[in-house]
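Read through the structure below, which is laid out as structure tokens, and then see the notes.
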Amino acid sequence: MLMEVRHVSKRYGKKTALADVSLKLEKGKLYALCGNNGAGKSTLMRILASVERVDQGDVLFETHSLSYLDRKEIAYFADESFFSDDVEIEEIFDLYEYFFDDFDRKKCERLVYQNGIDRNSALSSLSKGNRVKLELSFTLSRRAKLYLFDEPFASLDPLAREEVMQMIVSCGSEDATYVIATHLLAEFESYFDQVLFLQDGKLIVDQSVDKILGEKQMGVQDYLKTCLRANG
Amino acid sequence: MQYQNNEPIYLQIIHDFKSKIVSGAYPPGSKVLPVRECAIAYAVNPNTMQKALSILEQEGLVYTKRTAGRFISEDAGRIARLKEEMVSVYVKRLVSEMRSFGISDEVILTSVREELKRNVDGSTSCK
């Protein structure tokens, strides 16, 4: 087991973002984190990335309590770009080399090239799809144990979305754990091992895709709908 | 590849491989793509693909050549057995479904014979 979230709650002022959430992340598995806007997905992602603290409960990374030191083993692709538009791509290479010991520069250069992106350009010149693929190239070129992606498909056309999913699934470290927060479960159901579903800060579903298809005999989207109804 | 909602995905991949081996779309001795590429072709993650390939290997339909990669079996006998297995699965399904509609065995048999007599262009021969 890679990470364990134990009875975690998080509030922002009066708003409860997460309420008593418990879950385990296994090594090597690909997780979908689903839920409506405001359900708590980004909050949970930030807690897993160790960039946000919990109010109640605790989080274990391997056998110890998760701390900022574990960020060297966690690669986090946030829902908003980390870089401002005027940053040059070459600068990002230097930044990543400086901050991350595990950054594979050759691999990143290869990925950027394969995606048809010109290294000698600024971020502002890239299309939305290429920008995402560029930033993904950097994230995936880190040798992490846990990769977190918060809505990587947002605003992308269907082809770009598919290319992004294929990149995530094939370019990161083998045996790493992947968590993707997304609305687009129906489109990418077949890729996921396990589905996590948040509703109003509570974890309503934590289920294996194989079990949903094999035992419940329904598509994952339909299964989530029935669980939603059961939870009133 | 379109997946159904009634079976784990790795089982559906295995079935697809078996169909393609029997139909010749995956010819005997042909090379199987590396796991990551196969996974992309089947729209699954590499774990799922590996699971399916391992089972196909256990069943003797796929084998690994040390440094060269994975290949479809060249064992004609094994492939013939696979064909029989698939025939058996489809026939079982047909018979159980028809019986569940209350159709008698005689009618099942005559219906199958009639269907076999149909020419490729859809016309019926009276022989």
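The values are calculated or read from the model by the stated rules, or taken from the named source; none is laboratory data. Keep in mind it's a predicted model, so treat the numbers as computed, not measured. Here the Cβ is made from the backbone with ideal geometry for all residues, glycine too, and neighbour counts use every protein chain on show.
Filter the stretch B:28-41 down to the residues that are under 29 Å from A:MET167 (Cα atoms) and assigned to a loop (DSSP other than H, G, I, E, B), then identify the one that is farthest from the other protein chains (Cβ to nearest Cβ). Per the stated criteria, the residue is B:SER30.
Given the residues A:ASP94, A:ASP85, A:ASP79, A:ASP70, which is the only one that is outside any strand (DSSP E or B), in contact with a Pro (Cβ under 9 Å, 6 or more places away or on another chain) and at negative phi?
The match here is A:ASP79.
Would you confirm, using the coordinates I've provided, whether A:LEU185 is buried (at least 19 other Cβ atoms within 10 Å of the Cβ), within 14 Å of chain B (Cβ to nearest Cβ) and out of contact with any Cys (no Cβ under 7 Å at 6 or more places or on another chain)? So A:LEU185 does not fit the description; no. Here the condition is being more than 11 Å from chain B (Cβ to nearest Cβ), among the polar types (S, T, N, Q) and touching a helix residue (DSSP H, G or I) at 6+ places or on another chain (Cβ under 6 Å); of A:SER155, A:SER190, it holds for A:SER155 alone. Which ones in the stretch B:18-70 are over 27 Å from A:ILE180 (Cβ atoms) and aromatic (Phe, Trp, Tyr)? If the condition is that a residue be over 27 Å from A:ILE180 (Cβ atoms) and aromatic (Phe, Trp, Tyr), then B:TYR26, B:TYR63 are the ones that fit. All of (1) charged (D, E, K, R); (2) more than 27 Å from B:MET49 (Cβ to Cβ); (3) touching a residue at least 60 places away in the same chain (Cβ under 8 Å) hold for A:GLU90 with one exception: (3). Screening B:TYR63 with (1) under 25 Å from A:LEU213 (Cβ atoms); (2) away from chain A (no Cβ under 14 Å); (3) free of Cβ contacts under 8 Å to residues at least 12 places away in the same chain gives one miss only, at (1). Among the residues of the stretch B:1-27, those identified as part of a helix (DSSP H, G or I), hydrophobic (A, V, I, L, M, F, W, C) and within 14 Å of chain A (Cβ to nearest Cβ) are B:ILE9, B:LEU11, B:ILE13, B:ILE14. When A:SER141 is tested against (1) among the polar types (S, T, N, Q); (2) touching a helix residue (DSSP H, G or I) at 6+ places or on another chain (Cβ under 7 Å); (3) modelled with pLDDT under 95, just one condition goes unmet, and that condition is (3).
Among the residues of the stretch A:195-232, the ones that are of a type in the set (D, E, K, R), more than 14 Å from every other protein chain (Cβ to nearest Cβ) and surrounded by 14 or more Cβ atoms within 10 Å (Cβ to Cβ) come to 3 in all. Restricting A:LEU148, A:LEU134 to those that are in contact with a strand residue (DSSP E or B) (Cβ under 8 Å, 6 or more places away or on another chain), aliphatic (A, V, I, L, M) and buried (at least 22 other Cβ atoms within 10 Å of the Cβ) reduces the list to A:LEU148. Is it true that B:VAL44 is touching a Lys or Arg at 6+ places or on another chain (Cβ under 7 Å), β-branched (Val, Ile, Thr), surrounded by 11 or more Cβ atoms within 10 Å (Cβ to Cβ) and at pLDDT 95 or above? No, not satisfied.
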